[in-house]
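Engineer: Once you've had a glance at the structure underneath, I'll fire off some questions.
Values quoted throughout were computed directly from the atomic coordinates according to the rules given, and no laboratory measurement underlies them. If you're wondering where the values come from, they're calculated on a predicted model, not measured in any experiment. Don't worry about glycine lacking a Cβ; one is built from the backbone with ideal geometry, like all the others, and counts go over all protein chains shown.
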């Protein structure tokens, strides 16, 4: 019986979650800043690695405007629900993480980097530490030659769960902002540690830009 309900949940919950995500996105009417460089790259027919903090993930799928993407998602049951949910936004999944099936997933991402697809990664996932860039995303950029583009989301109303990442559930009212950072390319003359530090700073700065945009309206980020 439990198997039946598990299958029912996997069939229904992603559909329901996708509808809720679309509704919240439509109602908050988020503002976008800093996406000129990304649009220019896409205009040239090239692709990127989109890097988003794990807690800001929920409303990222409806904001994606590229030609197609593969997103790294864990092989957990929650990961299965997420993978099925993002499929409603025409986004594909690469299953794995730093803790489970990581090497296989990384090889898949490197292979997809040879195709006309963007790649999506939460560099602090799947279990943290929160807002700390791990080596996977920088190695992917080094091997593929693709730029990392930080992508952040901030809103003035929402709920923070008591999870390791303090996952953000935006409420369908208030103000919301997407912020894109400048593309970060790996320099063959620098060390991986230096590049990782640059990515860390860019991710932190980009999150701050989104929050500062809200402050211009007299609002604070959740």
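Engineer: Report the extension gain between residue 87 and residue 104 in nm, rounded to one decimal, defined as 0.36 nm multiplied by the number of residues separating them, less their alpha carbon distance.
Structural biologist: Once the chain is fully extended between residue 87 and residue 104, it gains 4.0 nm.
Engineer: Sticking with this one: Treating only the Cα positions of the stretch 35-103 as identical point scatterers, give the base-10 log of I(q)/I(0) from the Debye formula at each q in 0.14, 0.17, 0.21, 0.26 Å⁻¹.
Structural biologist: -0.47, -0.68, -0.97, -1.27
Engineer: Which three numbers, in whole Å and largest first, are the semi-axes of the equivalent ellipsoid of the stretch 85-174 derived from its Cα gyration tensor as √(5λ)? Don't skip to the answer; put the middle values down first.
Structural biologist: Values: eigenvalues 135, 51, 35 Å².
Three semi-axes, in Å: 26, 16, 13.
Engineer: Moving on. In the stretch 11-50, which residues have a backbone nitrogen under 11 Å from the label point lying 7 Å from residue 217's Cα in the Cα-to-Cβ direction?
Structural biologist: 28-32
Engineer: Separate question: Average projected area of the Cα convex hull of the stretch 164-222, in nm²?
Structural biologist: Reported value for the Cα convex hull: 5.4 nm².
Engineer: Further question on the same structure: With a point put 7 Å past each Cα toward its Cβ, work out how far residue 185 is from residue 160 in nm, to one decimal.
Structural biologist: 3.7 nm
Engineer: Where Rh is the Kirkwood radius over the Cα pairs of the stretch 1-149, the temperature 20 °C and the viscosity 1.002 mPa s, what D in µm²/s does Stokes-Einstein return?
Structural biologist: 132 µm²/s
Engineer: Ranking 146, 160 by Cβ neighbours within 10 Å, fewest first, what do you get?
Structural biologist: If I rank by nearby Cβ atoms, fewest first, I get 160, 146.
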